[in-house]
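Q: Below: one structure in structure tokens.
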Amino acid sequence: LFGGNDLGNGGVQATVDVFRGTDPQAASPFLNIPSRQQTFDSAPGYVGTSYLVIRELGADAASAIGAYLGNSTTIKNWSFEVERFPEEFSGQSSGDNIINSVDANPINVIYELITKEQGFPSSDIDLVNFKAASDTIIAEGNGFSMLVESQVTVAELLEEVERQIDGVVTLDRSTGKWIIKLARADYDINTVPQVTDSNSSLEEFTRGSWSDTTNQITVRFSKRSDEYKTSFAVAQDLGNALLQGGGTVATLEPVSGELSFPGVKDPTLAANIAWRELRGVAYPLAQCTLKVSREFWNVSRGDVVALTNTKLGLDKLPMRVTSVDLGQVQANSITLNAVQD
């Protein structure tokens with residue numbers, strides 16, 4: 001570190017003990033000596049905290065000669081890159097909890113938040129569903145690496161993971177188990193729940209104008225290969241810019257938006273997310289509020305329904321549900337809010 005004896009600051013030579021923040025965690029044998037404690041006779045184990053102890057060069061206390069920290073009177077700042085991966089869950093293959101060797105599988109992060117942080121047993125999770133979502137995320141290379149530097153709630157961290165994977169965590173009302181629904185083009189519009197004139201009423205339907213759309217999305221992220229410096233990935237829809245500017249290159253009208261993804265550290269993933277987010281804002285998508293019958297009792301946030309409406313001339317328009325209001329028990333209707341998929 002910092003150069004050897006001939007150049008730089010003389011280098012560093014020491015024995016380093018690494019404590020991984022386990023529970024329980026024994027105290028450092030080097031620190032756990034009364035003569036090295038100013039207040040207590042023994043050192044704490046610092047349970048749940050990962051830390052390093054820089055100690056003597058010798059193999060034991062009798063041969064200890066201290067650590068060598070260079071020939072400068074000023075010790076430079078040290079920094080460490082630390083990785084912690086959530087455990088695999090039942091049904092996964094070895095290594096499925098890691099994406100591209102360096103990132104955590106966000107599905108495993110979700111599993112850990114539900115089980116270890118919220119205290120739900122694994123039997124409350126649909127592991128077949130979680131495994132399918134994990135396989136999709138692995139194929140996409142969508143790894144999650146995030147430094148949590150301040151106190152956040154489980155819900156806030158879960159929302160950040162959902163945002164990166166473009167999916168939602170919800171309860172399956174038919175089984176009572178936690179499931180993950182990814183917003184992907186993996187459905188048959190003819191087999192999803194069919195919302196028609198006979199089983200619904202359209203309370204509100206709007207379709208935004210082109211002036212409400214965006215043609216450039218910038219994703220801000222920390223780039224691992226560049227010492228975690230802030231970097232950007234950009235996606236542009238020139239067709240949209242032409243349309244908003246009047247149809248000529250000379251009058252291109254840029255309309256920009258910026259998003260931050262603290263769990264992203266890879267430029268390729270950042271670029272993929274930028275294009276994904278752009279697709280959702282570069283076209284005036286329809287939004288609606290529907291009153292549907294109780295036959296849709298198992299529809300939840302993240303599901304896709306096919307909207308057919310004779311008055312508006314809609315034929316199986318794919319609409320992804322954003323919220324569900326089950327209403328009063330005695331009422332024979334459910335309210336769905338949805339956006340065009």
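The values are calculated or read from the model by the stated rules, or taken from the named source; none is laboratory data. Computed from a predicted structure; not experimentally measured. Cβ: placed from backbone, ideal geometry, glycine included. Neighbour counts: every protein chain shown. Side chains are part of the model used for accessible areas, which takes the heavy atoms of the whole protein and leaves out ligands, DNA and RNA. Shrake-Rupley method; radii C 1.70, N 1.55, O 1.52, S 1.80 Å.
Q: So with the 1.4 Å probe, I'd like the accessible area per residue for the chain, rounded to whole Å².
A: 58 Å²
Q: Principal axis extents for region 237-309, Cα atoms only, whole Å, descending order, please.
A: 53, 37, 14
Q: If you don't mind, there's one more thing I want to ask. Over all directions, the average projected area of the alpha-carbon convex hull for region 178-237 comes to how many nm²?
A: 8.9 nm²
Q: Of the options Ala67, Ala27, Pro44, report the single residue whose Cα projects farthest towards the positive end of the charge dipole of region 10-122 (beta-carbon charges: Lys, Arg +1; Asp, Glu -1).
A: Ala67
Q: For an R0 of 56 angstrom, estimate the FRET efficiency from the Cβ-Cβ distance between Asn199 and Phe80 and round to the nearest 0.05. Write out the running numbers ahead of the final one.
A: Working: r = 59 Å, r/R0 = 1.05.
According to the calculation, E is roughly 0.45.
Q: Would you mind putting 242-255, 301-314 in packing order, based on average other-beta-carbon counts within 10 Å, highest first?
A: Details: 242-255: 13.0, 301-314: 17.0.
Those peptides, ordered most packed to least, come out 301-314, 242-255.
Q: Quick one: pull the percentage of alpha-carbon pairs in region 82-198 with a separation above 26 Å. If you can, show how the numbers build up before the last one.
A: Values: 1439 of 6786 pairs.
Result for the distance tail: 21 percent.
Q: In a shell of Cβ-Cβ distance under 11 Å around Arg184, excluding Arg184 itself, what net charge do Lys and Arg (+1) and Asp and Glu (-1) give?
A: Details: positive: Lys181, Arg276, Arg320; negative: Glu140, Asp166, Asp186, Asp341.
Taking every other residue near Arg184 into account, the sum is -1.
Q: Related question: Quote the FRET efficiency, to the nearest 0.05, computed for Arg163 versus Thr251 with a Förster distance R0 of 22 Å and r equal to the Cβ-Cβ distance.
A: On the way: r = 34 Å, r/R0 = 1.56.
Once the sixth-power term is evaluated, E becomes 0.05.
Q: Give the relative contact order (percent, whole number) for the chain; include only Cα pairs under 8 Å separated by 6+ residues.
A: 12 percent
Q: Counting alpha carbon pairs within less than 8 Å and at least 6 residues apart, what relative contact order, in whole percent, applies to region 74-185?
A: 25 percent
Q: Name all residues of region 94-116 having a backbone nitrogen under 15 Å from the label point set 7 Å from the Cα of Thr175 along its Cα→Cβ direction, giving them as ranges.
A: 111
Q: Rounded to two decimals, what ratio of Rg to Rh does the chain give with C-alpha atoms and a Kirkwood Rh?
A: On the Cα set of the chain, Rg over Rh gives 1.10.
Q: Note down the net charge around Gln92, summing +1 for each Lys or Arg and -1 for each Asp or Glu among other residues with Cβ under 10 Å from its Cβ.
A: -3
Q: Still on this structure, please answer the following. Ranked highest first by average number of other Cβ atoms within 10 Å, how do 66-79, 216-229, 159-172 line up?
A: Descending mean neighbour count gives 159-172, 216-229, 66-79.
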